[in-house]
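Everything on this sheet refers to the single structure shown next.
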Amino acid sequence: MDLAALKTQLKNFVQSMFEEGVLDNQFSQIQALQDSTNPNFVEEVITLFCNDAERIINEINRNLGYQNVDFSNLDSYVHQLKGSSSSIGANRLKLACANLRQASDERNKEG
Amino acid sequence: MGMAIDRDDTQFHVLAVDDSLIDRKLIERLLKTSSFQVTAVDSGSKALEFLGLNNNDADDDEEYEQRDSNTESVSSDEDQDHQDLGLGVNLIITDYCMPGMTGYDLLKKIKKSSSFKDIPVVIMSSENIPSRINRCLEDGAEEFFLKPVQLSDVNKLRPHLMKGRSKDIDSSHKTTSTRLISSGN
């Protein structure tokens, strides 16, 4: 597949993510910050995010695996993930974090 | 001549404080895009370290008087020396939620310091809590930005920096006249 076709495919893929609400306006802001002086900005941010998110998600899973879940610890991780998602425009992930925080709040009160 | 401003007059130096790597990268890019010089650190204590303020000192002034080896003129040189130690920071922008020292704690420490209390401080937070916002503003923060921070927010910083810059010029003029008087003896 040639470069032009690949670029088009990527563009369409990103566009569909916007349409599905996977990405929001913040991602456009990030794209706008990329220019000739910083040609890999988007890629760098996404890479940072994925590494960070993976680490946090592992922590969240670990925490949820315990018999006695430490909800405040969990909340701190979810808060971090929500913050990063929001900063890069990962809309659905941000919303998922908000839901998780709410659920975690409720279980906390029950416990 | 301790009063020469050795940094480019047109470039402002912003100290950004945020424990999130992604947010640090973002704010750094936003600030650089707006032609600011940026130093980014990941905690309040690192920020204080960078400014030359010891975290644990209750009284920052005493520490500087001990450190200051220039015995010629005590009061007039102090302000400029403190500026040099802080490596010419013109504005501090900090996240609110950080482990250890929060952005609010950092704000209080800076406002308590005689050498740095005039540096404008801006607080950022992902949470829109009016009581939090009001408390920060009442206790000396110039602005409060909701995250994610945008270029339009960064553009709001310039007026605060221009205000600070003209204050610098005023105080350095005062320093000149004080010196002239004392050297005339």
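Rule-based calculations on the coordinates, nothing more; no lab input. Quick caveat: nothing in here was measured; it's all calculated off a predicted structure. Ideal geometry is used to build each Cβ from the backbone, glycine not excepted, and the neighbour counts take in all protein chains shown.
Points worth noting:
- The simple spin-label model puts a point 7 Å past each Cα toward its Cβ; for A:Val14 and A:Gln34 those points are separated by 0.5 nm.
- Within 10 Å of the Cβ of each residue in A:80-87, the mean number of Cβ atoms contributed by other protein chains is 6.
- In order along segment B:43-49, the Karplus-derived 3J(HN,Hα) couplings, from 6.51 cos²θ - 1.76 cosθ + 1.60 at θ = phi - 60°, round to 7, x, 5, 5, 5, 5, 4 Hz, and Gly and Pro are given as x.
- Förster-model FRET efficiency, 45 Å R0, A:Asp2 and A:Ala96, C-beta, rounded to 0.05: 0.75
- Approximate spin-label separation A:Val22-A:Ser72, in nm, with each point projected 7 Å along Cα-to-Cβ: 3.8
- Low-density loop cleavage sites - chymotrypsin sites (Phe, Trp or Tyr not before Pro) in segment A:64-105, where at most 14 other Cβ are within 10 Å (DSSP): A:Tyr66
- When B:Met162, B:Met101 are arranged by Cβ crowding within 10 Å, least crowded first, meaning fewest neighbours, the order is B:Met162, B:Met101.
- Put in order of Cβ neighbour count within 10 Å, fewest first, the listed residues B:Lys163, B:Lys147 become B:Lys163, B:Lys147.
- Among B:Thr94, B:Thr39, sorting on how many other beta-carbon atoms sit within 10 Å of each Cβ, with the fewest leading, yields B:Thr39, B:Thr94.
- Packing-based ranking of A:51-62, A:23-34, B:104-115, A:80-91 yields A:80-91, B:104-115, A:23-34, A:51-62, ordered from highest to lowest mean Cβ neighbour count within 10 Å.
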